[in-house]
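For reference, the structure discussed in these notes is given below.
The values are calculated or read from the model by the stated rules, or taken from the named source; none is laboratory data. Treat the numbers as computed from the prediction; the structure is a model and nothing was measured. In this analysis, Cβ positions are derived from the backbone assuming ideal geometry, glycine residues included, and neighbour counts consider all displayed protein chains. In case anyone asks, the SASA skips ligands and DNA or RNA and just uses the protein heavy atoms, side chains included. Shrake-Rupley method; radii C 1.70, N 1.55, O 1.52, S 1.80 Å.
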Amino acid sequence: MVSDKDTPFIVFGAPDIHNEEIDEIVATLHSGWIGTGPRVAQFEQDFAAVKAVGQDQVAAVNSCTAALHVSMIAAGLKPGDEVLTTAMTFCATANAIIHAGATPVLVDIDPLTLNIDTTQLEQRITPRTRAIVPVHFAGLPCEMDRIMAVAATNNLLVIEDCAHAIETQWRGQHAGTLGDFGCFSFYVTKNVVTGEGGMVLARSPEMIDRIKVLALHGMSKDAWSRFSDDGYKHYEVVAAGFKYNMMDLQAALGIHQLRRMEQNWLRRREIWQRYQQVFADLPAGCPAEPEDHMRHAYHLYTLSIDERDCGISRDSFIDRMSDAGIGVGVHYRSLAQQPYYQERFNWRPEDFPVSTAFGNNTVSLPLGPSLDDADVHRITDTVSAILAK
Ligand SMILES: *Cc1c(COP(=O)(O)O)cnc(C)c1O
């Protein structure tokens, strides 16, 4: 079936942009200041309020990848250090560890939660282990009590990859505030969008000071305060820093996206729960429900298509969905299935059997707040028709 104008293609992860964002972008362009300035400061303040932390505990950057990297540099990771992370994540998690000079060490996932299997954490620890990077996959929180206990016993840093987890909570605490650092993404497909963008949340304000310097060339004063009213101030280069700052043009989107965060979360939850109801009797695997002490961010809705149960392969399922005009995603093939890491670290898919099996079978359905009920119907009908025996 080819989609026509009565059934427009549903783009996977399409951003939900309203007039407030468009007006703010135009106002930013007219303001004469489009780089890092007052709107970034506003966005940081608003984000800190959402996360119930001090404004001195957050730093806006230009991606979650940058947030992860600069956190690891600020924390002093160095060559030879080992960092534990999950085999079921986006490559940026591992790449940030590598660029910090450290070595990623993979841990397989729990088959139910799809998060790092905390029962395998301790057996991967060596005298060189310095940090754990848990990823709250799809928005479901990791077992943070266990992770923080292992970290405390072994004197490890915890850097939470919160790219899926802006709204996630664990026992009433916001994701990103449990570890030493939380790193957030505002990429186009994420729950809050700035185009490209990210945020570091740190327990320690001193770390945020360091991160702000490292994220802007290693300069000790940022450009905005240099040109403030109280006269010219010379900057000093105190580190070989990076170009990781967020622009006001990006923050202009984020300020308004953040105001609709809760409303968008409620709509995604509604769609997610609808999928759970409709797909419960299909031969595909459905994601785990959050337990009472968890708040799910509902970033992804993943189905697991095992050809032996479903009579169709995951990749054929994707083709059938595309033919029906519905864009889907794959999050993710296991890191141990990627050739660069296989060559460099000798990772083998069979050593991470749960991640590998999930990576071979998983498909993510559209879950954006801009989907209307008719879209959701079309998606559930199409999935049900493809998977009907
Ligand atoms: C998207 C994503 C990242 C990278 O975020 P960017 O803002 O695009 O750099 C990192 N980790 C995970 C788990 C992601 O999904």
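Consider residue 43 carefully, then state whether it is open to solvent by 50 Å² or more (accessible area, probe 1.4 Å) and within 16 Å of the ligand (Cβ to nearest atom). It is false that residue 43 is open to solvent by 50 Å² or more (accessible area, probe 1.4 Å) and within 16 Å of the ligand (Cβ to nearest atom). If you go through the range 353-383 and keep only what is more than 17 Å from residue 267 (Cβ to Cβ) and either in a helix (DSSP H, G or I) or open to solvent by 10 Å² or more (accessible area, probe 1.4 Å) (or both), you end up with 353, 354, 355, 356, 357, 358, 359, 360, 361, 381, 382, 383.
Residues that are more than 13 Å from the chain's Cα centre (by Cα) and of a type in the set (A, V, I, L, M) were ranked within the range 152-179; the one that is most open to solvent (accessible area, probe 1.4 Å) is 152. There is at least one residue in the range 62-82 that is of a type in the set (S, T, N, Q), open to solvent by 30 Å² or more (accessible area, probe 1.4 Å), modelled with pLDDT of 95 or more and over 20 Å from residue 347 (Cα atoms). Taking the range 38-81 as the range and being outside any helix (DSSP H, G or I) and among the polar types (S, T, N, Q) as the test, the residues that pass are 62, 63.
Condition test on residue 322, is it in a helix (DSSP H, G or I) and out of contact with any strand residue (DSSP E or B) (no Cβ under 7 Å at 6 or more places or on another chain)?
Here the answer is yes, as residue 322 does meet what is asked.
For the range 86-105, enumerate the residues that are more than 10 Å from the ligand (Cβ to nearest atom), open to solvent by less than 10 Å² (accessible area, probe 1.4 Å) and in contact (Cβ under 8 Å) with a residue 60 or more places away in the chain. Answer for the range 86-105, where residues must be more than 10 Å from the ligand (Cβ to nearest atom), open to solvent by less than 10 Å² (accessible area, probe 1.4 Å) and in contact (Cβ under 8 Å) with a residue 60 or more places away in the chain: 87, 104.
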